[in-house]
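The values are calculated or read from the model by the stated rules, or taken from the named source; none is laboratory data. Computed from a predicted structure; not experimentally measured. Accessible surface areas use protein heavy atoms only, side chains included; no ligands, DNA or RNA. Shrake-Rupley method; radii C 1.70, N 1.55, O 1.52, S 1.80 Å.
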Amino acid sequence: MTSPLFDSHMHTPLCGHATGTPREYAQAALDAGLAGVCFTDHIPMPAWYDAGWRMRRNQLGEYVQGVLEARAEFQGRLEVRLGLEADFHPGTERYVAELLETHDWDYVIGSVHYIGAWGFDNPEYADEYGARDLGSLYRHYYALVEGAARTGLFDAVGHLDLPKKFGHRDPDGYAALHALDVIAERGLSLDFNTAGWRKPVGEAYPAPDLTRAAAERGIGFVLGSDAHRPGEVGFHFTEAIKQLHDVGGRIVTYQGRVRHG
């Protein structure tokens with residue numbers, strides 16, 4: 001693929017569940033014909049929150065240094081940007097806001113990974129879906145997404161319809177459409193996350209109907225593979241571009257927290 005495309009959602013081993021150095025991810029992007037990448041590893045959070053699935057606060061400098069070293073090495077061949085995947089979890093907003101002041105980030109994704117104490121996208125706890133009413137689950141989830149959009153902390157909402165990961169789909173969709181209204185009103189973009197094609201649900205986040213609804217609202221899409229190993233960089237981007245093109249979707253990127261495209 002030869003095009004001015006960026007992969008703007010990728011991780012590093014510092015999150016505790018990825019492999020490969022920043023250099024290896026950058027080389028994979030270059031080999032795939034991408035114009036650039038933006039690293040978005042999982043933000044440090046208070047020690048009690050999700051500790052095994054993100055970098056520690058004392059590793060943040062190491063993360064930044066690794067990305068900047070890759071930027072220097074690939075200068076003139078590949079643009080390397082510095083971002084984060086931040087979490088929205090009620091009660092942690094001040095912590096996240098303070099951490100976002102520590103460096104000059106290019107792009108910050110806001111993601112919801114927990115409903116209360118339940119990490120709903122963790123395969124270890126997927127059985128919990130059997131004990132939940134899906135309509136109620138999705139209404140609660142999208143209320144959290146709206147909360148994330150209203151904080152002003154984030155540039156885009158991550159993997160919009162993530163609870164479908166294991167095949168448990170939203171039974172009505174109304175809460176999702178209301179969340180899209182809030183996202184559009186607040187001027188945020190959506191992470192068009194191709195990792196869904198690697199999961200049991202077998203489709204990108206967001207789903208085709210939500211992609212169309214977002215495009216109709218003028219919401220931009222940031223392409224991201226959610227790569228946790230170098231071989232996943234640029235995953236299914238050809239299919240992603242087609243899906244977005246078919247609904248008139250607009251692909252954007254971020255630099256210095258400013259949207260381009």
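Points worth noting:
- Rolling a 1.4 Å probe across the protein heavy atoms gives segment 173-249 an accessible surface of 39 Å² per residue.
- Per residue, the chain reaches -9500 deg cm²/dmol at 222 nm when only DSSP H runs of four or more residues are counted, each adding -39500 (n - 2.57).
- Probe 1.4 Å, protein heavy atoms only - accessible area per residue of segment 1-127 in square angstrom: 43 Å²
- Near the amide H of F221, within less than 5 Å, lie the amide hydrogens of L190, R250, I251, V252, all on another chain or at least 5 residues away, with H placed in the peptide plane.
- Remark: relative contact order (segment 32-146) = 25 percent; criterion is Cα-Cα distance under 8 angstrom and separation of 6 or more residues.
- Overall, the accessible surface of segment 97-256 at a probe of 1.4 angstrom is composed of carbon and sulfur to the extent of 47 percent.
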